[in-house]
Amino acid sequence: MKLEKSTLLGNKTVQISGSKSISNRLLILESLFNTIKIGNLSNSQDTQLLKKALSETTEIVDIHHAGTAMRFLTSYYSIAEGKITVLTGSGRMKERPIKNLVTALQNLGVEIEYMENEGFPPLKIHGRKITQTQVNVPANISSQFITSLLLIAGKLENGLEINLVGEVTSRSYIEMTLDILTKFGIKTHFTGSTIQVEPFTTDAETTTVNYEVESDWSSASYFYSICALGRETIHLKSFYKESTQGDSAIAKIYEEFFGIKTIFSEDEHKLTLQPHPNFSFPEKIILDMNNCPDIAQTLCVTAAALKIPFDISGLGTLKVKETDRLSALHIELKKLGTETEITDLTVKSISFNEPQENISIKTYQDHRMAMSFAPFCLIKELNIEEEEVVEKSYPMFWKDLESILIR
């Protein structure tokens, strides 16, 4: 997709669909307990794939590129007593590690086989009743592994105690899961490095809960970037001031480093992104994004466009996402004129030069690469390859982007 050099139109409003992270958690709980009515469900491809998978009656379930679905369904099918499920996905999905989650489930007594390569999908899962009550899980892995276990924990007759070993990665996502469980009457306790989930009560099982899904903060991050570069006001719906989404950290980050103030309208569930006039940009951005790694690409592109030096840490999980996002950032930021240095955990700017002519951003089958680089069109014309990858999380992105720009 060719994006011409554009100008941001002021005071435009964008309605983003429900959070993918929340929607996917709710779909698993809805299928397990049948006591939830969901409103504003995400229209992302990932959520639709998970919804379809949960209705499958065949032995083989293919979730394509949907990493969240792979992780959540691994635990979900593990407690489907007497059912054998082969859980598979795309070529890239078969390269994404899942061993820590599988090992945890095996330690709980579930029989799971690797059908191709040890530690990776596809998996053959023999569902059974879990009676064991404790399991150890490395804490520095994807928080989705831990959430996967938490979502089934309330269905276990004895509940579950998860002992996190090491430093916790993306703690905010774990806390979001626990908050959702609590809303449905599942009692949880998170003390130190131990999470306890009690079994679902009979009363909770007979009470229907209506849940209106908040819009997606990671999708909102791209509009923070656009606002930071275009310096005009943008309105976003439907968001809550007391959000449990870890990526809501974008509001504080962009106010501190880019002068974008977030104003909440409680009655309309709307937030307004308002640039501070005459904001003095920092000499350097130094930030640990361990709790919100999914918005790191957005921040790096914003900083690169404004030529603000940055040193971002806490990014260990980015290497095992849809692509190796750190390597992808290193390669594609160079096209914007930004030389970087990366490790397994960090990305740091080294120098800023003039952007290349005829910039064409490779997306590596990664939705966030497409959307995080798109705001650079406020600086210079560029092309986004395989623009359809945005369907994974935000199918309406290109239409919404077009609605707030003038070329």
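The values are calculated or read from the model by the stated rules, or taken from the named source; none is laboratory data. Note that this is a predicted model, so its numbers are computed, not measured. Please note: Cβ atoms are built from the backbone with ideal geometry, for glycine as well, and neighbour counts cover all protein chains shown. Ligands, DNA and RNA are stripped out before the accessible areas are found, and what is left, the full protein with its side chains, is counted by its heavy atoms. Shrake-Rupley method; radii C 1.70, N 1.55, O 1.52, S 1.80 Å.
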Going residue by residue through the stretch 180-203, is there one that turns out to be over 23 Å from the mean Cα position of the chain (by Cα) and more than 30 Å from residue 133 (Cβ to Cβ)?
no
Inter-residue pairs, beta-carbon under 8 Å, first at positive phi and in the stretch 144-164, second basic (Lys, Arg) and open to solvent by less than 10 Å² (accessible area, probe 1.4 Å), 6+ apart
none
Return the residues of the stretch 293-306 that are over 16 Å from residue 375 (Cα atoms) and open to solvent by 10 Å² or more (accessible area, probe 1.4 Å); say none if nothing qualifies.
294
With respect to residue 267, is the statement that it is open to solvent by 30 Å² or more (accessible area, probe 1.4 Å), out of contact with any helix residue (DSSP H, G or I) (no Cβ under 6 Å at 6 or more places or on another chain) and either within 19 Å of residue 353 (Cα to Cα) or of a type in the set (A, V, I, L, M) (or both) true?
no
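Take the residues in the stretch 322-331 that are open to solvent by 10 Å² or more (accessible area, probe 1.4 Å) and either assigned to a strand (DSSP E or B) or out of contact with any strand residue (DSSP E or B) (no Cβ under 6 Å at 6 or more places or on another chain) (or both); name whichever of them is modelled with the highest pLDDT. Lay out the reasoning, then the answer.
The initial filter retains those residues of the stretch 322-331 that are open to solvent by 10 Å² or more (accessible area, probe 1.4 Å), namely 322-324, 327, 330-331.
Now drop any that are not either assigned to a strand (DSSP E or B) or out of contact with any strand residue (DSSP E or B) (no Cβ under 6 Å at 6 or more places or on another chain) (or both), which leaves 322-324, 327, 331.
On the way: 322: 59, 323: 67, 324: 85, 327: 92, 331: 96.
Per the criteria, the residue is 331.
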Evaluate the stretch 356-369: report whether one residue or more is in the same structural domain as residue 296 (by TED's automatic domain parsing), in contact with an Asp or Glu (Cβ under 6 Å, 6 or more places away or on another chain) and under 23 Å from residue 288 (Cα atoms).
yes
Options 334, 380: the member that is surrounded by fewer than 16 Cβ atoms within 10 Å (Cβ to Cβ) and not acidic (Asp, Glu):
334
Among the residues of the stretch 110-133, how many are more than 27 Å from the chain's Cα centre (by Cα), surrounded by 13 or more Cβ atoms within 10 Å (Cβ to Cβ) and not in a strand (DSSP E or B)?
7
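Enumerate the helices (runs of 4 or more DSSP H) found wholly within the stretch 134-247, keeping only those where 1 or more residues are open to solvent by less than 20 Å² (accessible area, probe 1.4 Å) and modelled with pLDDT of 90 or more. Working first, answer last.
Numbers: elements: 143-153, 171-183, 202-205, 217-230.
Once the helices (runs of 4 or more DSSP H) in the stretch 134-247 are filtered for at least 1 residues that are open to solvent by less than 20 Å² (accessible area, probe 1.4 Å) and modelled with pLDDT of 90 or more, what remains is 143-153, 171-183, 217-230.
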In the stretch 248-264, what count of residues is obtained for those that are open to solvent by less than 30 Å² (accessible area, probe 1.4 Å) and outside any helix (DSSP H, G or I)?
3
Look at the stretch 276-301 and say how many of its residues are touching a strand residue (DSSP E or B) at 6+ places or on another chain (Cβ under 9 Å) and hydroxyl-bearing (Ser, Thr, Tyr).
0
Only listed residue being part of a strand (DSSP E or B) and either more than 30 Å from residue 210 (Cβ to Cβ) or among the polar types (S, T, N, Q) (or both), chosen from 87, 105:
87
Those residues of the stretch 361-377 that are within 21 Å of residue 228 (Cα to Cα) and either surrounded by fewer than 20 Cβ atoms within 10 Å (Cβ to Cβ) or basic (Lys, Arg) (or both) come to a total of 1
Find all pairs meeting these conditions: Cβ atoms under 6 angstrom apart; at least six residues apart or on different chains; first residue within the stretch 337-360 and buried (at least 17 other Cβ atoms within 10 Å of the Cβ); second residue of a type in the set (S, T, N, Q) and part of a loop (DSSP other than H, G, I, E, B).
337/353
List pairs: first in the stretch 284-298 and in a helix (DSSP H, G or I), second of a type in the set (Lys, Arg) and at pLDDT 90 or above, Cβ under 7 Å, 6+ apart or cross-chain?
294/368; 297/368
For the stretch 248-267, which positions are touching a His at 6+ places or on another chain (Cβ under 9 Å) and modelled with pLDDT under 95?
265
